[in-house]
Amino acid sequence: MKLPDLISTGWTEIRLHKMRSFLSVFAIAIGVATFFYTLSVLSQRYRDIGRAADIAGKGRIDVKVDYPLSLQQYHMLLNALPKGSSVSLETDAETDTISYKNKKLAGFILIGVLPTFQDSTFVYDIEGRFINWKDIENKHLVAVVTVYPREKDEERVHPLYFSSETADIILLSDFSKRVNLLNQQVMIGTLPFTVVGLLHAPPIEKDYRLPEDREYFLEVYLPYPVWYDISSLWRQDFSTRIRVVTGKDSNVRQAASILVSFLRSQFGAEFKPQLKFFQDTLRRYNREAWHGLKTMIFMGIVAMIAGGIGIMNVTMAIIFSRTKEIGIRRALGASRRDILFQFITEALLLGLCGAILGMAIGYISLLYMAEGTGQMTFSWWVVAASILIALTTSFFFALYPAYQAALLKPVNALKYE
Amino acid sequence: MVIRCEHLVKIYQTADAFRALDDVSLEVKKGEFVSIMGPSGCGKSTLLNILGLLDEPTNGEYFLNGAPTAHMKDSKRSQARWKNIGFIFQSFNLMPHLSVLENIALPMRYSNLPHKEILPRARELAIRIGLGDKLTNTPLQLSGGQCQRVACARALANRPNLILADEPTGNLDSKASTDILTLLQELNREGITIVMVTHDPQIAQGTHRTIYMKDGKIL
Ligand SMILES: Nc1ncnc2c1ncn2[C@@H]1O[C@H](COP(=O)(O)OP(=O)(O)O)[C@@H](O)[C@H]1O
Ligand SMILES: [Mg+2]
C-alpha cells in the first residue's frame, strides 16, 4: 500500500472512532505540552547563557588582589600574557557625592578603570567617549556616567519640575535622566571633573550579562590612577580586580599560570590568588538550568508513557474490533507488511495530532508564564523535538500490537465475527 | 493448468486432530467453471481457502498457474492473491465504512497500479456491474444482491485469471442468485477460470463440471 492510501485509511479510522482517538491524542498531548514547555524554557536559558558568553569574550579570568597595580605592572602583565590578551584593572567601589552647579548628587559608586574595561561584558551605548589612554597617562580629571533608561511614566514629568527641585540631595540616577551631564563640569570632592561620556544601559530584557556581571548601583567611572589619587585621602587599604581576556578558550590555563606567577613575583611567593574562570561560571549556570528542569522532564516522560500506553491500548482494541477487516484486506492482497504499516501509520497520525495539540497547550502556558518576565522564546528545534518525541512514542507503543495484527493468519482473521 | 493439487491433507490441531481434507487431488484447466458441492462441514471452504492461498495444507502439493506454492513467502503469497485471484464470499465481506467505489478499489491499493488509475478503473467496474449510480453509497445502503455484485467487481479489480467463490449465492434470493450466476458465466466466457462452492444444484447446473465432496474427500 502506498503512503497516501496508508494515511487516508488511517485518517478514516481515526474519524470513525472519535472518542477513542481523542483520548489517546489527549494523553500524548499532555506529555508533549510538558516537553514543549520545558524544552522552550531550557532553550531560552541556554540562549541567555550563550549570549552572556558572547559578550564576555573567550578565555576570561577574574582575580582580586589586595594591592593597587601601577601602570608599569599592568604593562608587565600584559606583555607576559599570550598575544591578543586584554587586561582590565578595576578599583574598589567608593561612594561619594558629586556637586553640579549648586546641587548635590548622590546614590552612585565611583570606580577607577582602564580603557580595556570596554573589552569584555560591556553592554552600554556610549554617548561622548569612554576613558582613554591619554586620560590614564596624564591623569585627566574626567568622568563617565552610567544612565539608565527612562521608565515610561517618568517621561511625562516636565523637566521644569526638577529645576525647581529644592531637596538638598538628588539621586544621580533620577537627575541624569533629565539633565544631560555630557561635557558638564562636576565637582568630586574638591576637584573639578569633566563628564566626557554617558553610558546608556540597555533595558533589563536586553541586558545579556550574567546576573553576577550586572551592576546594581549606578556607576561613575574615573581613570584608574585618578581614583587612587582622590581616594587615598581617606583610605589605606586598596584592592583591584584584574580581568584577563585571552580571546581563546585554548590558552586560558596557560594565561592563568602566567597570571599567578606574575602576582607572586609582585606580591610575594606565598600569595594565593583565587582565580575565577568564566568557563566554570558558565558551566555552573548550564548545570543549574538543567537541574531546575529535570523534574519537568521527568513528568514529561511519565506523561508520554501514559500517552504511549493509550496508543497501545487503542491499537490493541483496534486489532480486536477489526480482525475481520484485517482478514478481508489480507484476502484482497494485503501483505503482513501492509497490515503492520497500516496500524503504525494510524498510531503515528494519532501521535502527530497529539503533538500539535500538545504544542498548542505548551505555547499557551509559555505565553502565560512569560507575562511576568517579559521574555518569550519560540524555537523551531523545540517544535521538531516535540513532534519527534510524540512520533517516537507512538511508533514504539504501536509496534507490538501492530505486529500482532500482522501475524494474524488470513483464514482465522476472516472467520472472526 | 490453473490449479493442480496433489494429495492435499489439512489437519486441524484440535483435540482429535481433525482431518478436514483427506488426500484431495484436483486439477482445474484454464477457462473452466467448476462447482463444488457437498454437505456442510465436508471441507469445501477449507479447500477453497488453500486454493486462495489464505491457508496452507498440512500435507500435499498445490501448484497455482504451474508454480509450487509450498515455500512461498508471505509477500509472494499476498502478491499472488491480488494479482491472480479474486475472492467472492457468502457474506460479501465488504468494508462497511467504505463507499462502493472505495470497496471496489481496495485490492488495487495493494497492487502496483499507478495511484491515479485506481478510481477510474473502479468506476468502470461499478458501471459494468450496473451500480454506476451508487458509487458513493456504503454497503449498508445496498441490497444483498447489490452487495454481492460489488464483491464481484472487487474480485475483478486486478484482472485475475482465477475467481474463487465460496457460496456466493448462499445469502441471496433466487432472482439475485441467477443474476450472480449469469455474471459469473459471463466472466468465465471472457476467459476467467472460476471455482465456486454452492449448495444449490440449479446453480451448479450452470457450470461446466461439478465436484462432490464428503468427509474431506472428493468423491
Ligand atoms: N480452524 C479450525 N479449527 C478446527 N476445525 C475447523 C477449523 N476450520 C474448520 N474446521 C472444521 O473442518 C471441517 C470443514 O470445515 P469447512 O471447510 O468450513 O466446511 P464446509 O464444507 O462447510 O465449508 C468442519 O467440520 C469444521 O468444523
Ligand atoms: Mg463453507
Of the listed residues (A:A360, A:A384, A:A402, A:A306), the one being closer than 18 Å to A:I14 by Cα and more than 14 Å from chain B (Cβ to nearest Cβ) is A:A402
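Quick test for you: out of B:A155, B:A165, pick the one residue that is within 16 Å of ligand 1 (Cβ to nearest atom), crowded, with 21+ Cβ neighbours inside 10 Å and at pLDDT 95 or above.
On the way: B:A155 fails: within 16 Å of ligand 1 (Cβ to nearest atom).
On inspection, the qualifying residue turns out to be B:A165.
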Taking the range A:311-347 and the residues there that are surrounded by fewer than 24 Cβ atoms within 10 Å (Cβ to Cβ) and of a type in the set (G, A, S), the one that is nearest to the other protein chains (Cβ to nearest Cβ) would be A:S335
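Only one residue in A:R47, A:R15, A:R20 is within 26 Å of A:Y363 (Cβ to Cβ) and either outside any helix (DSSP H, G or I) or away from every other protein chain (no Cβ under 14 Å) (or both), so which one is that?
After applying the criteria, what remains is A:R47.
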Checked the range B:182-204 for anything more than 16 Å from ligand 2 (Cβ to nearest atom) and closer than 11 Å to B:M37 by Cα; matches are B:P201
Would you pick out the residues in the range A:260-285 that are part of a loop (DSSP other than H, G, I, E, B) and either over 35 Å from the mean Cα position of the chain (by Cα) or at pLDDT 90 or above (or both)? A:G268, A:A269, A:E270, A:F271, A:Q274, A:L275
Any idea which of (1) under 28 Å from B:L131 (Cα atoms); (2) free of Cβ contacts under 8 Å to residues at least 12 places away in the same chain; (3) more than 10 Å from chain A (Cβ to nearest Cβ) is the one B:E32 doesn't satisfy? (2)
When only residues in the range B:152-173 that are within 13 Å of chain A (Cβ to nearest Cβ) and within 16 Å of ligand 2 (Cβ to nearest atom) count, which is nearest to B:I88 (Cα to Cα)? B:A165
Looking at the range B:90-122, which of its residues are at the interface with another protein chain (Cβ under 8 Å from one of its Cβ atoms) and either closer than 20 Å to B:I192 by Cα or assigned to a helix (DSSP H, G or I) (or both)? B:L106, B:P107, B:R109, B:S111, B:H115
Requiring at least 1 residues that are of a type in the set (G, A, S), in contact with a Lys or Arg (Cβ under 6 Å, 6 or more places away or on another chain) and within 15 Å of ligand 2 (Cβ to nearest atom), the strands (runs of 3 or more DSSP E) wholly within the range B:4-88 are B:18-28
Hey, can you tell me all the residues within the range B:55-80 that are within 13 Å of chain A (Cβ to nearest Cβ) and touching a Phe, Trp or Tyr at 6+ places or on another chain (Cβ under 8 Å)? B:S78
Unmet requirement for B:V34, which otherwise passes all of (1) within 28 Å of B:P139 (Cβ to Cβ); (2) within 16 Å of ligand 1 (Cβ to nearest atom): (1)
I'd like the full set of residues that are within 22 Å of B:C42 (Cα to Cα) and in a strand (DSSP E or B), limited to the range B:176-208. B:I194, B:V195, B:M196, B:V197
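The values are calculated or read from the model by the stated rules, or taken from the named source; none is laboratory data. Here the structure is a predicted model, which means the values were calculated and not measured. Cβ coordinates were reconstructed from backbone atoms using ideal geometry, including for glycine residues, and neighbour counts include every protein chain displayed.
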